Amino acid sequence: MKPYYLTTPIYYASGEPHIGHAYTTILTDTLARYGRQTGTDVTFLTGTDEHGQKMKEAAADKKTSPKELADKMAEGFKKAWIDLDISFDRFIRTTDQAHVDLVQDILIRLWENKEIYSDIYSGWYCIHEERYWTSREVGGQQLCPDCKRPVEYVEETNYFFRMGKYQERLLSHINKNPNWIIPKTRRNEVLGFLNKPLEDLSISRPKKRLDWGITLPFDESHVCYVWVDALFSYVTGSSFPSESTKGPEYNCWPADLQVVGKDILTTHSVYWPTLLMASNLPLPKKILAHGWWLSEDAKMSKSMGNVIDPLQLKEQFGTDAVRWYLLRDMPTGSDATFTKERFNTRYEELANVLGNLASRTISMIAKYKLGVLPSKTETDLKEELKETLHKFKQHMEELQVHSALDVAMDLARKANAYIDQKEPWALARDTAQVQSLDTTLATLHRILTLLTILLFPVMPEKMSELARRLGLSTVPTLNNFDVILSERSKVEEGSPLFPKDIL
Ligand code: MSP
């Protein structure tokens, strides 16, 4: 069986990782980890986009070569993702030879099948966005509609992909598969875009203007357009060469889920599927387009000078607090504004609800049961547990991560209320209530165990620690929950899981 294959975009290696990149990657990582928690075999790809004009200019600015800069930045991205506990299986770089070979193979195939033709292009080009614009789009001021930078006028021989001819097929695919693009609002934007005639796509740049890219195999004086090059990295990254344990023939294309930001949805839901159709390759099964992190209503981006460094945040608050805030505070698919106040509120929620539940439960088990609960104890709140699990799974399947987290926190709140209602301290004073005390503590222990499973994808470090303190050998999965629970040993008290003095 092919594993569940999911991808992040590959990030431009011309700049440092920022909070936007971190969000896309943490979101994808959470979905990957959740998949593993449900027993799915998951393959998770991320990487760096290393060709193109922007890369060349960044290297020139730093007085280095594009390849040297790419080597350094790819290491930087990898390190950032390791620091943020990203469980990627493979890191693809577009300068990898295997990728260059794949792109050239595809281009030859498209050229031979007459999916590509040459023509003169005249129009506007934005170096920053690496894309052409029409006169209408750039307007009288000649500014890029996306990044608002001045565009330049170019007139050059170019190779074009017959994208327009796939318009009907793409539309019919989107119409037949209502969940192909998530959320619906973004799907509607794509449908709106496809209301107008779809033009062919320029897929080359003359080397005299840009020589940092993959050479077209049928015309050595051109390089491949960086977006076409980059999109195919998902296919390169899906095949694992022989060095992998999975064997030489292993290939997990098509992707089951491609996570992207809304700014790159057109490239992923129009350019990409039509290129795949022309290459006779299957389309990804689903595309999730998330929103932007804003700073005072403007998109956070390097060029705006308002970015937040995720690694600096991690240094200050720890990886899990950063992961939690980003996923908890942004409704998956919408925009959200990054503020320290919101960060604090979300962190305090962790400390007051989950941290408090954990420390109360563990200290009561330590105090009243010398750290060990009798094994086959009855538990309460069975319906609540079932309901939580059901809703959590449903939200995760719908890729509404923030709602799933909400459901988990609700259960923690209910468990805190249950403590107040049961008053285990009173039960402990009455020998006739031993059974009732055991049931109460076992219920709390069971709920906390379930919460380690549900919240592990977002907070792998803290939930591993919580599982250890609960006397579990490991964080259970949804499949071995009862087995791991039945093997629990002594609970361990400790300092608060979410100390408030870090804020
Ligand atoms: N290299 C292309 C992608 C090629 S994929 C074949 C690219 N790279 S990028 O470095 O700009 O990173 C893009 C990702 O970062 C997108 O998912 C984008 O939405 C995300 N973010 C960048 N800034 C962002 C915010 N302020 N907020 C949330 N995510 C945003 O595009």
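If you go through the stretch 52-92 and keep only what is in contact (Cβ under 8 Å) with a residue 24 or more places away in the chain, closer than 19 Å to Glu129 by Cβ and surrounded by fewer than 18 Cβ atoms within 10 Å (Cβ to Cβ), you end up with just Glu57.
Quick grid of which residues meet (1) part of a strand (DSSP E or B); (2) more than 20 Å from the chain's Cα centre (by Cα); (3) farther than 20 Å from Ala22 by Cα:
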{"residue": "Trp253", "(1), (2), (3)": "no, no, yes"}
{"residue": "Ile264", "(1), (2), (3)": "no, no, no"}
{"residue": "Ser269", "(1), (2), (3)": "no, no, yes"}
{"residue": "Trp272", "(1), (2), (3)": "no, no, yes"}
{"residue": "Asn280", "(1), (2), (3)": "no, yes, yes"}
{"residue": "Pro284", "(1), (2), (3)": "no, no, yes"}
{"residue": "Ala289", "(1), (2), (3)": "yes, no, no"}
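Cβ-Cβ below 7 Å, separation at least six or inter-chain, first residue in the stretch 320-337 and among the basic types (Lys, Arg), second part of a helix (DSSP H, G or I) and away from the ligand (no atom under 11 Å from the Cβ): which pairs? The qualifying pairs are Arg328/Arg346; Arg328/His402; Arg328/Leu405. Is it true that Glu16 is acidic (Asp, Glu) and either more than 16 Å from the ligand (Cβ to nearest atom) or farther than 21 Å from Ser303 by Cβ (or both)? So Glu16 fails the test. When the residues of the stretch 181-239 are filtered to those that are among the β-branched types (Val, Ile, Thr) and outside any helix (DSSP H, G or I), the one that is farthest from the ligand (Cβ to nearest atom) is Thr215.
Looking at Thr440, Thr449, Thr474, just one residue is closer than 30 Å to Leu6 by Cα and surrounded by 15 or more Cβ atoms within 10 Å (Cβ to Cβ), and that residue is Thr449. Considering the stretch 102-158, and only residues there that are small (Gly, Ala, Ser) and in contact with an Asp or Glu (Cβ under 9 Å, 6 or more places away or on another chain), the residue that is modelled with the highest pLDDT turns out to be Ser118. Would you point out the residue of the stretch 281-298, among those that are in contact (Cβ under 8 Å) with a residue 40 or more places away in the chain and over 25 Å from Glu397 (Cα atoms), that is farthest from the ligand (Cβ to nearest atom)? Checked the stretch 281-298; the qualifying residue farthest from the ligand (Cβ to nearest atom) is Leu281.
Restricted to the stretch 326-412, the set of helices (runs of 4 or more DSSP H) holding at least 3 residues that are crowded, with 17+ Cβ neighbours inside 10 Å, among the polar types (S, T, N, Q) and at pLDDT 95 or above comprises 356-369.
Set side by side, the residues Val154, Val138 differ, and just one is of a type outside the set (Ser, Thr, Tyr) and under 30 Å from Glu112 (Cβ atoms), which is Val154.
The values are calculated or read from the model by the stated rules, or taken from the named source; none is laboratory data. None of the values given here were measured: they were computed from a predicted structure. Glycine also receives a Cβ, built like all others from the backbone with ideal geometry; neighbour counts cover every protein chain displayed.
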